[in-house]
Amino acid sequence: MDQQPVPAPVPQATPNPEPKQTVPTPASTPVQPTDAKPVADEPVLAEMSESLFRNLGEQARVQAAKERAEYICSKFGIPPEKLELWKQRHQYIESVHIQGDLYIYRALKRSELYMLQEEQQKTGNTNPEVGQESLVMKAVLFPKLEEGQLKVMPAGITSTLSEAITLLSGYGADDLPVRL
């Protein structure tokens with residue numbers, strides 16, 4: 001018996017799939033004007049939410065300060081009562097690490113700054129570094145600095161501490177100036 005070859009199947013054309021539908025994007029959707037008017041309470045709500053965020057930020061700052069104080073007391077052997085006494089006596093105290101060393105300092109009152117300036121004028125010394133050294137000696141609470149100790153420290157430590165002390169003492173703004 002002779003076998004006849006089986007014809008190959010003829011490929012059939014597949015129908016075109018339905019075109020995909022596109023979802024309009026915000027850029028392609030025209031903005032329609034609305035008749036909505038601002039609610040009269042919007043400024044009040046904005047002020048309230050800003051106040052709430054500021055308050056939450058203040059709570060986080062207070063908690064972080066408390067944790068830092070506990071860490072400093074335990075790591076550097078400062079009795080917590082001494083730290084509390086410094087806070088009560090001086091109101092504003094801060095700490096900073098400079099080249100791996102911890103410094104705790106306080107804000108200066110204006111009257112103290114005047115006394116330091118008078119002392120410098122009496123000696124006739126107009127060297128700004130001497131003024132910085134006097135400021136640092138007066139305001140640093142920890143470690144207890146001895147006379148002449150700053151002269152053997154790296155030069156930038158005195159300048160950095162002096163700048164930190166003046167900022168804590170109110171010389172500088174909390175925010176950048178804003179034009180009104």
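The numbers here are math on the coordinates, done by the rules we state, and not lab data. Because the structure is predicted, anything quoted here is derived from the model rather than measured. We place every Cβ from the backbone using ideal geometry, glycine too, and count neighbours over all the protein chains shown.
In this structure the amide hydrogen of Ile78, modeled in the peptide plane, comes within under 5 Å of no amide hydrogen from residues 5 or more places off or on another chain.
When you restrict to C-alpha pairs under 8 Å that are six or more residues apart and normalise by the size of segment 69-161, the relative contact order lands at 22 percent. Please list, in order, the residues from segment 113-132 whose amide nitrogen is less than 20 Å from a point placed 7 Å along the Cα→Cβ vector of Asp101. Residues passing the 20 Å test: 129-132.
Note on Tyr71 and Glu129: their simple-model spin labels are 3.3 nm apart, each label 7 Å out from Cα toward Cβ.
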